[in-house]
Structure formats: C-alpha cells, structure tokens
1. Given the structure, is residue 195 open to solvent by less than 40 Å² (accessible area, probe 1.4 Å) and not aliphatic (A, V, I, L, M)?
2. What is the number of the single condition among (1) open to solvent by less than 30 Å² (accessible area, probe 1.4 Å); (2) among the aliphatic types (A, V, I, L, M); (3) over 29 Å from residue 66 (Cα atoms); (4) touching a strand residue (DSSP E or B) at 6+ places or on another chain (Cβ under 8 Å) that residue 152 does not meet?
3. Output the residues belonging to region 138-157 that are out of contact with any helix residue (DSSP H, G or I) (no Cβ under 6 Å at 6 or more places or on another chain) and not in a loop (DSSP other than H, G, I, E, B).
4. Name the pairs: first residue in region 144-160 and more than 29 Å from residue 127 (Cβ to Cβ), second residue of a type outside the set (S, T, N, Q) and in a helix (DSSP H, G or I), Cβ to Cβ under 7 Å, at least 6 apart or on different chains?
5. So residue 297 clears everything in (1) modelled with pLDDT of 95 or more; (2) out of contact with any Leu (no Cβ under 8 Å at 6 or more places or on another chain) except one condition, right? Which one?
6. Which one of these does residue 183 not meet: (1) open to solvent by 20 Å² or more (accessible area, probe 1.4 Å); (2) of a type in the set (D, E, K, R); (3) within 30 Å of residue 124 (Cβ to Cβ); (4) in contact with an Asp or Glu (Cβ under 9 Å, 6 or more places away or on another chain)?
7. Could you tell me which residue of region 93-137 is least open to solvent (accessible area, probe 1.4 Å), considering only residues that are assigned to a loop (DSSP other than H, G, I, E, B) and among the charged types (D, E, K, R)?
8. Residues of region 198-223 being open to solvent by 20 Å² or more (accessible area, probe 1.4 Å) and part of a loop (DSSP other than H, G, I, E, B), which ones?
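The values are calculated or read from the model by the stated rules, or taken from the named source; none is laboratory data. Here the structure is a predicted model, which means the values were calculated and not measured. Note that each Cβ is placed from the backbone with ideal geometry, even for glycine, and that neighbours are counted across all protein chains shown. Surface accessibility is based on the protein's heavy atoms, side chains included, excluding ligands, DNA and RNA. Shrake-Rupley method; radii C 1.70, N 1.55, O 1.52, S 1.80 Å.
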Amino acid sequence: MKFLRLSQLVSKAWLGSAWLLAGFCCFCGSSQAEEAPKILPLMSVPPKALRAEKQALVALPNYDEVTATRLQIFLDNNDFGPGKIDGEMGEFFRKALLAYKRAHLMPLHGTVDQWLLDQVPEPFTNYTIPPEAENFVGPTASKPSEQAKLKALKYGSLLEFVAERFHSAEDYLRKLNRPMNLDELKPGDTVRVPNVLPFKIEDLHEGFVPPNPAFANRIVYVDTTERFLLIYENNQLVAEFPITPGSTKLPAPIGVWKINGIAVLPVFRHDEGILNYGIKSDTAFILPAGPNNPVGILWMALSKPHVGIHGTNQPETIGRAASHGCIRTANWDAARVKELVTVGNIVSIF
C-alpha cells in the first residue's frame, strides 16, 4: 500500500469534508450517484419485526474471559461487530450477540451458545511481525497544523499496528503477552493475538470503490440511540457495526440520504468551520492519508453535504467520544462496510 500524496492530486473533487482522488466528477455523474432529495419515500427505521424490542430484557451468562473472546471473534468474523476484542462483557458485545441471534432466529435465552463457540475452537494465535510492518509506522502529531506537514498519517507504533490488525484493545494485548514489553516491539517479534480475521492495511489502495450491482437493494440504517450501523437486504439484517453518531453540538442528521461515493485512504480537509458549525471556512489544513487520519481509512460521502460514514484514528472511542456530525467506525469495521454496500444505497439515520 502507498499513501496518497498531495502531489498526486492533479485535479481534486470536493466530497463532503474530504479532498479525494481525481475522477470522482465523472463517477458521480453516473445514475447511482445523482443528487438525491433530502426526504425519500422510505421507512426511517428498520422493519419492526427484525428490530430489538427494547422491552424484552435478556439475561446473558457472565462469560469468562476466554469464552467472551471466542464469542467476540465469532461475531466479528460474521460482520456483527462487538467493538474492540478485549474478553469483556461490554455493551457492544452484548448488543451484537443478541442482534446476531435475532437475525438468525435463534432463541434469546441465557445459556451458553455452544454452537457459536464451536466455530472458534482456538481463541488465540501467534503473529510474527514482518519487516514490511515498519512501512506503516511513522511520526505522529496531534495538531492539524503539524499533521499537515507529514507525508502520511501512519501508526505511531508497532503495538498500534498489531492492535488494529487484530481488532483489539492495546491493554488486552499487553495482558495476553505478559511480561513482554509491547512498547518495544520490532520486526521478528511474535505476539499472542485474538484469532480473528485480520484487518490488512497493506491490502488497501487509495481510490474509489466501484459500484456493486449485487448490493443495489441494500439499505443502511444508522441507529443514533443504540449507536449501531445496520445493513439490511430484503428486510433481513446482514451486518451490524458499532458507531459514534455525531455529537450534541453537531448530531448526525436525522433523515434519509444516499451514498454518493466511497473513497479509500482519503486526504482530509480539516476545516474548523465545518467541524464545529457545519459551514465551510477559508482556513483549513490538508491532512495526508493513513490510518491515523481523522477519517481513518475510509470516507463514504452521503447526499447530505459535509456528512459521511468514515473510519477513525481512535478506535477505543467508538460509541463514546463525539463525532462532528458524521458516523464514525473503527477502521477494521470501515474496511468491511465498504465491501457490504454500494454507491446509491439508501442511508436512513434515525
């Protein structure tokens, strides 16, 4: 993977709040990406029969750490994101488990789900850090003015690289690898990690995701209360991922929109006017691509100006910290969302 440089932007297109690759102007001229009205003739929430009934409380077992990890891995591998893998009975893990059961018409009981556990016989595996991992680690900065001076917004450490690769909390990796000092990782070191399907940043390439006609009938729902992004096809829930939906100051825009475009490894225009007030200003910083870009590895522009679904440089804050009006996911989830939807899909935020 190579990171996008400003010198490569021969011509630019403005999409939401990110500067993206040339070529989108022609792309958005296609029938799938034409301008959509603000209100579309569609239900604003998922089909009632497939939604979690808030009145129905389900008591889950108090799983031990290894069992919880196995279930988290199962859910993650099946596109029902439990949040970061940490072996704990957290909010997103519980919600994802119940959502998977409802979607697959499984009984909502409080017993251990042995069939699910059987799909993950080995919860942990060993990962040897390859030499090329260092290509994705580099200097970092916290201020936009400093970030704009970097060639790419890479991982700050090999620990961060490994944690995101295996959808994990850094503290959980430290716990799994005691007494090893993960702050001093180097290529050739072997680390114990959750046995989840890895997020391979080296497989990402900057550019636009072409339309996928097979997903043309899918609908994306953004539940701002439960903080989940849900993907439906023919009234069937096929995937669910935890999100941060806007903030108190700039909440995610309630309504029905469309996906106008999907860009991988975008360059981001940091504009305080847009971020704080939703109004473009004359002062901005152009931030290079990379996993530590504020919008992470993905920008999915909606028909609502300056609003999109995107990744993040702080996966530990998903569902907790505020986002500036957009829908934020962990990078590993963002990478999967782009493979499950297509340009032109309806996005209903409620």
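1. Working: open to solvent by less than 40 Å² (accessible area, probe 1.4 Å): no; not aliphatic (A, V, I, L, M): yes.
No: the conditions fail for residue 195.
2. (4)
3. Passing the criteria: 144, 145, 146, 147.
4. none
5. (2)
6. Of (1) open to solvent by 20 Å² or more (accessible area, probe 1.4 Å); (2) of a type in the set (D, E, K, R); (3) within 30 Å of residue 124 (Cβ to Cβ); (4) in contact with an Asp or Glu (Cβ under 9 Å, 6 or more places away or on another chain), only one is false for residue 183: (4).
7. Just the residues of region 93-137 that are assigned to a loop (DSSP other than H, G, I, E, B), to begin with: 104-113, 119-123, 129-130.
Now restrict to residues that are among the charged types (D, E, K, R): 113, 122.
Numbers: 113: 11, 122: 114 Å².
Restricting to residues being assigned to a loop (DSSP other than H, G, I, E, B) and among the charged types (D, E, K, R), the top hit is 113.
8. Across region 198-223, the qualifying residues are 198, 200, 205, 206, 209, 210, 211, 212, 216, 217, 218.
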